[in-house]
Structure formats: C-alpha cells, structure tokens
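What follows is calculated from the coordinates using simple rules that are stated; it is not laboratory data. Here the structure is a predicted model, which means the values were calculated and not measured. No Cβ is skipped: glycine too gets one built from the backbone with ideal geometry, and neighbour counts run over all protein chains shown.
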Amino acid sequence: MATSTEQWVLVEMVQALYEAPAYHLILEGILILWIIRLLFSKTYKLQERSDLTVKEKEELIEEWQPEPLVPPVSKDHPALNYNIVSGPPSHNIVVNGKECINFASFNFLGLLDNPRVKAAALASLKKYGVGTCGPRGFYGTFDVHLDLEDRLAKFMQTEEAIIYSYGFATIASAIPAYSKRGDIVFVDRAACFAIQKGLQASRSDIKSFKHNDMADLERLLKEQEMEDQKNPRKARVTRRFIVVEGLYMNTGTICPLPELVKLKYKYKARIFLEESLSFGVLGKHGRGVTEHYGINIDDIDLISANMENSLASIGGFCCGRSFVIDHQRLSGQGYCFSASLPPLLAAAAIEALNIMEENPGIFAVLKEKCKQIHKALQGISGLKVVGESLSPAFHLQLEKSTGSREKDVHLLQEIVNQCMTRSIALTQARYLEKEEKCLPPPSIRVVVTVEQTEKELEKAASIIKEVAQAVLL
C-alpha cells in the first residue's frame with residue numbers, strides 16, 4: 001500500500017513538472033545552481049601575508065591620522081561667541097556689562113521678575129529643595145506637580161494635562177508616543193525644530209505641505225485617500241496626523257485653524273497643535289489659538305506648549321482628553337526618563353497662572369503693543385517685517401539677499417551689534433543649518449512684552465531704522 005502511494009506521489013510530481021510554465025522551471029533551475037554554488041564556494045579569502053618589516057609598520061602607524069571626531073568649526077561661529085547676561089533677562093537686561101531694553105527674551109507677560117512669582121518659587125525651594133533627582137515614575141512626582149497639571153487642565157478647559165521638565169522635549173516626546181512606523185503625518189514646512197525631532201523619532205511617513213497653504217494640504221490628503229482606496233486593509237490600521245503650530249516660531253504667522261478642523265473631519269485625521277508661542281498670548285484669556293478663533297477645544301486631539309515664554313518658568317505641558325494624556329505617562333520619553341520638573345519651577349508656573357487669570361486685560365495690552373511696533377517698523381529700507389501684527393515674536397529679514405547666507409548673517413549681526421551699542425538688545429534667529437528640513441532665511445527676531453512702554457517701542461523702531469539704513473545702504 002505504501003509503495004503504491006509513493007508511486008502515485010511520484011507520478012503527480014512528474015505531471016506537475018510537465019505542466020509547469022517554462023519560466024518557472026528556468027527560475028527553479030537557476031535557484032538550484034545558485035544554492036549549489038553557495039555550498040561549495042569559499043566564504044572568505046585568506047589575507048595576503050604582509051612583507052613589511054617591523055620598522056616599516058611603525059612608520060606607517062606614526063603617519064596615520066584618524067578622521068576628526070567633529071567637523072572643524074570657525075572660532076567666529078556665533079555659538080562660540082555668546083553674549084553674557086548679568087541679572088534677570090527682564091524688561092531691562094545687562095548684556096556684556098551694558099544695560100539695554102530687552103527685545104530678545106520671550107518674557108511676553110513680564111512675569112520673569114514678578115515679585116509674586118519669585119516669592120512662590122522661594123517658598124517652594126525652602127519646602128522641597130532644588131531638584132527632584134528622579135523621573136515621575138520613580139519618586140519624582142510631587143504634590144505641586146499634580147497641582148500644576150490640574151490648574152493647566154482647568155485653565156485650558158480640557159480633561160487632563162501632563163507636564164514635562166524640558167520645553168523642547170514636550171512635543172518631541174508627544175509625537176512619537178502616538179505616531180509610529182507606518183503612520184502618516186502631514187506637517188507644515190515651517191514647523192519648528194522640536195516638531196521636526198519628534199517626527200524623526202516617530203519614524204512615520206512624513207508629508208510636508210506649503211506653509212499655511214490649505215489647498216496644498218488638501219491635495220496631499222486627497223492623494224492619500226486615493227492610495228487608501230487601493231489598499232483598504234492597510235488603510236484601516238494606518239493613522240493620519242496633521243501637525244501645526246498656533247503661532248509659528250520661524251515665521252510669526254498664525255495657523256488657519258478653522259480650515260484645518262474642516263479638513264480633519266473631512267479626511268479623518270487627528271490634529272496636534274503646538275502652542276508654545278500662542279499660549280498666554282492669543283485669545284481673550286490667553287488660552288491660545290483655539291480661543292482666538294472660537295474653536296471647540298475637543299476638536300483638537302492634542303495641544304502642547306512650553307512654560308518658558310508666557311509663564312516665565314521651565315518645562316512644557318500637553319493637554320487634551322484623559323485617555324490621550326494618560327498614554328503619554330506610559331510612552332512619553334521625556335516624561336518617563338527625565339528627572340521631573342523642579343518643584344520651585346512648578347510653583348512659579350502656578351503663580352504665573354494665577355496672575356494671568358486675575359488680569360485678563362494683560363493680553364489686550366500685549367496685542368496693542370505688538371500692533372504698535374509692527375506698524376512702526378514698516379518701510380525700513382532694506383528690511384521687511386515677517387509675521388502677524390498680533391505676534392509678540394516676529395522677524396526682520398533682508399528684502400534682497402546678497403546671494404550668500406554667510407554674508408546675510410554678517411549684515412544682520414552688524415545691525416544687532418549697533419543696536420546694542422545704542423541700548424536696544426536684539427538677537428538673530430539661530431538654526432542648526434545642517435539639521436533643518438526647510439532652513440528659514442536669516443533674520444533678526446524682535447520680541448515684544450507688556451513691560452515695554454510706548455516710548456521705548458518708538459525708540460526701538462527708530463534706532464532699528466537708522467542702523468539698518470547705515471549698514472545696508
């Protein structure tokens with residue numbers, strides 16, 4: 001019985017061989033020959049014996065020079081020639097021993113040197129000490145951290161908030177906590193460096209759209225929708241995210257959030273909104289771009305912001321629905337592996353929130369001062385103002401580039417230096433040029449705060465105009 005079965009199997013194999021297509025037989029033959037070759041060929045070659053003497057070998061070793069660990073950097077590089085600040089970088093700042101009006105620090109609401117904020121930080125310092133010496137999951141969670149998270153959630157009118165000890169790490173940790181390999185992220189080309197690092201860590205498929213161009217974003221979304229129709233099984237497990245900033249750090253422009261929300265629902269995507277520049281600035285109560293446009297906070301899947309601008313503290317936070325925020329407590333790298341925020345900085349942020357809630361008119365004051373200096377800086381020969389009139393941080397760029405980024409940077413730095421000699425502290429916007437996905441043009445960044453008087457704003461605009469005319473013409 002067994003013999004007849006074996007014969008029948010053999011007959012089937014021969015029959016299948018005759019029925020197989022010619023290309024199939026050729027391919028199998030090539031594979032068999034390749035396997036035989038691999039089995040009988042040598043996998044390595046013996047190195048040829050060196051006939052060098054011991055002395056010749058030593059000479060070669062002495063002549064050998066290793067590749068440099070890092071590329072050469074000019075001693076004139078701005079990062080190696082920084083300005084030294086003495087005292088708090090508040091309304092008036094002492095730079096390299098010279099007192100100036102501060103138009104460089106992101107102290108929008110003037111809370112950095114506020115007596116109440118400093119008193120709260122000092123009381124916390126006496127109670128808890130300086131640092132925490134541990135992440136949140138390892139004896140790094142203090143009651144003041146929970147208080148701050150609760151206050152931020154209530155202020156932003158969301159279910160829950162989570163705080164990070166480093167502002168840059170907030171959005172850079174939040175993005176890869178949700179978006180993974182195989183997911184798709186649609187991101188504005190002007191996105192800040194922290195967003196870029198978060199996208200890089202996520203290993204997702206990144207699709208960039210032109211800055212604030214909703215038609216270009218919809219084009220990408222439609223293309224992806226057509227791709228999804230070709231492979232519905234893959235589409236069901238692929239998540240889609242839209243990542244934007246409320247006020248863009250690199251351009252000073254506001255995102256068209258109402259249009260973004262429409263596209264979100266039309267193409268079934270999630271919106272991540274980075275509000276480091278717009279939190280404590282936009283909206284009647286400083287809640288950011290959602291309040292500015294009157295958008296329901298639940299239409300945004302995740303909001304992030306740092307506490308290093310309007311709150312004049314350190315760190316950052318994310319807020320949204322509880323199930324979204326709780327996921328970061330398990331997957332946010334900056335939250336899980338970094339020492340938690342020093343309690344004195346958390347206490348300072350809470351007191352800053354108290355002041356914001358007690359003085360909602362402060363945001364209208366800031367807005368008016370932004371409009372004033374924007375208007376005053378129009379028409380500078382050789383320079384153009386880049387950014388919204390409601391943005392407290394905007395840019396001055398060359399109207400016409402010299403054709404060399406290095407020369408452009410040198411010209412703008414000369415303007416900064418001459419303004420400083422006349423007691424106006426400005427700074428150039430700095431970028432990691434080899435790392436940026438879309439490198440912005442060189443610019444001088446101008447920062448407006450509520451502490452600057454109308455007279456000081458007029459003085460700054462007048463000096464910038466005079467210096468620019470002297471340097472560029």
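For the chain, the longest principal axis of the C-alpha atoms and the axis of helix 405-421 are separated by about 20°.
Working from Cα pairs under 8 Å separated by at least six residues, relative contact order for the chain is 19 percent. Taking 7 Å steps out from each Cα toward its Cβ at V130 and D143 produces label points 2.5 nm apart.
Quick check: net charge around P176, other residues with Cβ under 12 Å of its Cβ, Lys/Arg +1 and Asp/Glu -1?
Details: positive: K180, R181, K197, R203; negative: D183.
Taking every Cβ under 12 Å from that of P176, the sum is +3.
Report note on the peptides 316-322, 306-312: ranked by the mean count of other C-beta atoms within 10 Å, highest first, their order is 306-312, 316-322. Applying 0.36 nm per residue to the separation of S423 and R236 and subtracting their alpha-carbon distance, the gain on full extension is 61.4 nm. Ignoring aspartates and glutamates fewer than eight residues from K400 along the same chain, the ones with Cα atoms less than 12 angstrom from its Cα are D408. The lysines within cross-link reach of K284, meaning a Cα-to-Cα straight distance under 24 Å and a gap of 8 or more places when in the same chain, are K154, K262, K367, K369, K371, K375.
Taking amide H as placed 1.01 Å from N in the peptide plane, the amide H of A161 sits under 5 Å from that of A153, each at least 5 places away or on another chain.
Rounded to the nearest 500 deg cm²/dmol, what is the calculated helix-only ellipticity per residue at 222 nm for the chain, with -39500 (n - 2.57) per DSSP H run of length n ≥ 4? Calculated at 222 nm, the ellipticity per residue is -14500 deg cm²/dmol.
Once volume of the Cα convex hull per residue in Å³ is calculated for the structure shown, the corresponding label among (i) 175; (ii) 306; (iii) 201 turns out to be (ii). Between the C-alpha center of region 315-387 and that of region 46-97 there is a gap of 37 Å.
Take 90-103, 245-258, 130-143, 54-67 and order them by the average number of nearby Cβ atoms within 10 Å per residue, most first; the result is 245-258, 90-103, 130-143, 54-67. Summing charges over neighbours of A348, with a neighbour being any other residue whose Cβ is under 10 Å away from its Cβ, gives +1 when K and R count +1 and D and E count -1. Here the translational diffusion coefficient of region 86-194 follows from Stokes-Einstein with Rh set to the Kirkwood radius across Cα pairs; for 25 °C and 0.890 mPa s it amounts to 138 µm²/s. Charge tally for L112 (other residues, Cβ to Cβ under 13 Å; Lys, Arg +1; Asp, Glu -1): -2.
If R0 is 60 Å, the Cβ-Cβ spacing of S74 and L330 corresponds to a FRET efficiency of close to 0.85. Label reach from E399 (point 7 Å along Cα→C-beta): in region 457-473, amide nitrogens under 19 Å belong to 461-473.
How far, in nm, would the chain grow between A201 and R181 when pulled straight, counting 0.36 nm per residue and subtracting the alpha carbon separation?
6.2 nm
Karplus-derived 3J(HN,Hα) values for region 85-93, using 6.51 cos²θ - 1.76 cosθ + 1.60 with θ = phi - 60°, are 9, 10, x, x, x, 9, 4, 9, 10 Hz; glycine and proline are entered as x. The HN-Hα couplings worked out from phi for region 175-184 by the Karplus form 6.51 cos²θ - 1.76 cosθ + 1.60 (θ = phi - 60°) are 4, x, 5, 10, 8, 10, 4, x, 6, 10 Hz, whole numbers, x standing for Gly and Pro. Nearest 10 degrees, 0 to 90: what angle lies between the long axis of helix 257-267 and the longest principal axis of the chain (Cα atoms)? Orientation of helix 257-267: about 20 degrees from the principal axis.
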